[in-house]
Amino acid sequence: MEGNTGETTSLRKGAIGTWQGVFQSFSFVGPAADVAILLIGTFAFAGASSALSVLLAWLIYGLWMITPYQFSKFKANAGSYYSYAAGSTKKGMLGPPALVSWMGENLTGQSFGILGFASFIYLLSSRISSIPYIWVAFSVAITLYMFILPYLGIRPSLNYVAVTGFAEAMFLLLGSIIIIVRVGHANTLVPFTIPAGALSAVLFGTVFSILDFTGLGTVTTTSEEIRDPKKRVRRSLIIAWALSGLALIPAAYALTVGWGIGNISSYASSPDPGLLVFRKYLGVAGFILLIIFTANSYFSYGVAKTNAVSRIWFSAARDGVVFPKGLSRVHRRYRTPSNAMLVWLTASFVIDMILGSIFGPENGALILLTTAGIAIIFVHIYANTGLSLYYRSLRREDRSLLYQVVAPTVSSVLGIVVIFYSVQSTVQSYTSSPSAINLAYLVATVVALVLGAVIGPAVSLYYSRSKPAVLERAGEYDAESSYT
């Protein structure tokens, strides 16, 4: 179907295959950037137990992957978790809460790409960092890149991230092994233990580590464009999850023992600890390669993020939920949701510039990522709940009590536990040491809670009373069915 502006409302079916799907998800993780800079957030709270936080986050995310794995057997919709939650009941009540929560992550999680990249370049050289607001120029550069490549098509954008993403994963795994071997007798199980009285700190570190894996389920946003989606999406989910664990868990441990357990308190205060550890044990070559892969990691993440968010907003706009119909328009030639891309990136850039100007690019990114981490947990909770409700409508041969009810419920409970300790940790940090930065973390936490627990349900209530027909149809589109 075509509009008057040379646009259409249909994505390009069959444009990509399994491996492009794998790296849509994997590149969202941005593992080299995590190793170089983002794990600072985990180390700041979990300290010597940061590897445990990363492991717990990976396992929790593994449980969360069960829901998209199960739903993708029955539906191919670019709306992903939003469409799953919306279509799980006849009245569609879970759709808006999942969407609003995800919008919270969409508008703050991009700080990893925009402010994160700026922070990384900003901290490489004192000469660069001495130039006032030079980080803004770097932010503009990556934002433009985040728009241009995804705008030109899903296939070329994912071909790029597939090649570079595989090389990045192998470099991190081999580099971590070399560091661990060279550390020798300093290897210890301490990074996988919880110090007395430090459970809340480890779990808050887990929130930041969950951010390291956020996006592993976004291959589902390409469901309308991947060949044979109800098989390939599931395959891509498993491979991407396994690959992310190989890239990050050994790296988190290697960074801990490579820095030194006794000196771990200074890790988070160092501007580029990951680079320092790699340089110490892998020499100048390892140092330079990590810089190259880190820069690429931010760009690959930006591409994957734009692909995913634009398709989520496109799907919701197509349903008439929250977004105007104009965002459901797709470019006539490239078949990409260019309107949604432009609106999202503009809003994201403005938010990043505001927080970056107030707190600096690094702190601004970490504050925004606090909102993103909690918001994405709400998304999974709503989708998990939707799967358990959807179970009742399935044919007997399609039902699985373990994977469609028990596992989603357990993962939701774990998510609630992580949220609880996150709130506790931010409140304690501010009350024990009142400061602008600690207040910002507290506000970021409250914003995520309000979006997920208050505004999302309120939007759903509004639609149920004012536009019930829209809500009932939300999330029903299936690229492999007769829905239109």
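Before moving on, here are some points about what is shown:
- Beta carbons closer than 8 Å, at least 6 apart along the sequence or on distinct chains, pair a first residue in segment 404-420 that is free of Cβ contacts under 8 Å to residues at least 24 places away in the same chain and within 14 Å of T67 (Cα to Cα) with a second that is part of a helix (DSSP H, G or I) and of a type outside the set (A, V, I, L, M, F, W, C) for V405/S388; V405/Y391.
- Residue within segment 330-347 that is over 22 Å from the mean Cα position of the chain (by Cα) and either crowded, with 24+ Cβ neighbours inside 10 Å or under 20 Å from D478 (Cα atoms) (or both) present: yes
- Given (1) over 14 Å from S80 (Cα atoms); (2) open to solvent by less than 10 Å² (accessible area, probe 1.4 Å); (3) within 19 Å of the chain's Cα centre (by Cα), number of the condition S310 does not satisfy: (1)
- Cβ-Cβ distances below 8 Å connect the following pairs, each with a first residue in segment 36-49 that is of a type outside the set (D, E), a second residue that is open to solvent by less than 10 Å² (accessible area, probe 1.4 Å) and not in a helix (DSSP H, G or I), and a separation of six or more residues or different chains: L38/G30; I40/Y267; F43/Y267; G47/Y267.
- Taken over segment 132-148, the criterion of being more than 18 Å from T346 (Cβ to Cβ) and open to solvent by 60 Å² or more (accessible area, probe 1.4 Å) is satisfied by P132, Y133.
- Given (1) farther than 24 Å from L99 by Cα; (2) of a type outside the set (S, T, N, Q); (3) under 21 Å from the mean Cα position of the chain (by Cα), index of the condition I416 fails: (1)
- Test: residue in segment 259-274 that is in contact with a helix residue (DSSP H, G or I) (Cβ under 7 Å, 6 or more places away or on another chain), within 25 Å of T164 (Cα to Cα), open to solvent by less than 10 Å² (accessible area, probe 1.4 Å) and in a helix (DSSP H, G or I): yes
- Some residue of segment 16-33 being assigned to a loop (DSSP other than H, G, I, E, B), at pLDDT 95 or above and either among the small types (G, A, S) or open to solvent by less than 10 Å² (accessible area, probe 1.4 Å) (or both): yes
- Test set (1) β-branched (V, I, T); (2) under 24 Å from S209 (Cβ atoms); (3) touching a Gly at 6+ places or on another chain (Cβ under 7 Å) - V54 fails condition number: (3)
- Filtering A251, A247 for residues that are in contact with a Ser or Thr (Cβ under 8 Å, 6 or more places away or on another chain), open to solvent by less than 10 Å² (accessible area, probe 1.4 Å), within 21 Å of V54 (Cβ to Cβ) and assigned to a helix (DSSP H, G or I) leaves a single hit, A251.
- Residue within segment 94-106 that is more than 20 Å from the chain's Cα centre (by Cα), open to solvent by 50 Å² or more (accessible area, probe 1.4 Å) and within 23 Å of L216 (Cα to Cα) present: no
- Candidates S126, S80, S119: the one that is modelled with pLDDT of 90 or more and of a type in the set (S, T, Y) is S80.
- F299 meets all of the listed conditions (1) within 20 Å of S111 (Cα to Cα); (2) outside any helix (DSSP H, G or I) but one, namely (2).
- Within segment 62-82, the set of residues being in a helix (DSSP H, G or I) and either charged (D, E, K, R) or buried (at least 24 other Cβ atoms within 10 Å of the Cβ) (or both) comprises W64, T67, P68, F71, Y81, Y82.
- Going through (1) modelled with pLDDT of 90 or more; (2) in contact with an Asp or Glu (Cβ under 9 Å, 6 or more places away or on another chain); (3) of a type in the set (D, E, K, R); (4) buried (at least 20 other Cβ atoms within 10 Å of the Cβ) one by one, D212 falls short only on (1).
One line per residue, one yes/no per condition, for (1) closer than 23 Å to A242 by Cβ; (2) in contact with a helix residue (DSSP H, G or I) (Cβ under 9 Å, 6 or more places away or on another chain); (3) in a helix (DSSP H, G or I):
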{"residue": "A141", "(1), (2), (3)": "no, yes, yes"}
{"residue": "Y145", "(1), (2), (3)": "no, yes, yes"}
{"residue": "I148", "(1), (2), (3)": "no, no, yes"}
{"residue": "F171", "(1), (2), (3)": "yes, yes, yes"}
{"residue": "L174", "(1), (2), (3)": "yes, no, yes"}
{"residue": "I194", "(1), (2), (3)": "no, yes, no"}
{"residue": "V207", "(1), (2), (3)": "yes, yes, yes"}
{"residue": "D212", "(1), (2), (3)": "yes, yes, yes"}
{"residue": "T220", "(1), (2), (3)": "yes, yes, yes"}
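- Positions within segment 149-189 being among the polar types (S, T, N, Q) and open to solvent by less than 50 Å² (accessible area, probe 1.4 Å), in sequence order: S157, T164, S176, T188
- When A46 is tested against the conditions (1) under 15 Å from L246 (Cβ atoms); (2) aliphatic (A, V, I, L, M); (3) at pLDDT below 95; (4) surrounded by 24 or more Cβ atoms within 10 Å (Cβ to Cβ), the lone failure is (1).
- T336, sole failed condition from (1) modelled with pLDDT under 95; (2) outside any helix (DSSP H, G or I): (1)
- Positions within segment 73-89 being more than 21 Å from T306 (Cβ to Cβ) and not hydrophobic (A, V, I, L, M, F, W, C), in sequence order: K73, K75, Y84, G87, S88, T89
- S236 vs. criteria in a helix (DSSP H, G or I) and open to solvent by 40 Å² or more (accessible area, probe 1.4 Å): no
- Residue that is open to solvent by 20 Å² or more (accessible area, probe 1.4 Å) and more than 30 Å from Y84 (Cα to Cα), where the choices are F278, F287: F287
The values are calculated or read from the model by the stated rules, or taken from the named source; none is laboratory data. This structure is a prediction, so every number in the text was calculated from the model and none was measured. Methodologically, a virtual Cβ is constructed for each residue, glycine included, from the backbone with ideal geometry; neighbour enumeration extends over all protein chains shown. Ligands, DNA and RNA are stripped out before the accessible areas are found, and what is left, the full protein with its side chains, is counted by its heavy atoms. Shrake-Rupley method; radii C 1.70, N 1.55, O 1.52, S 1.80 Å.
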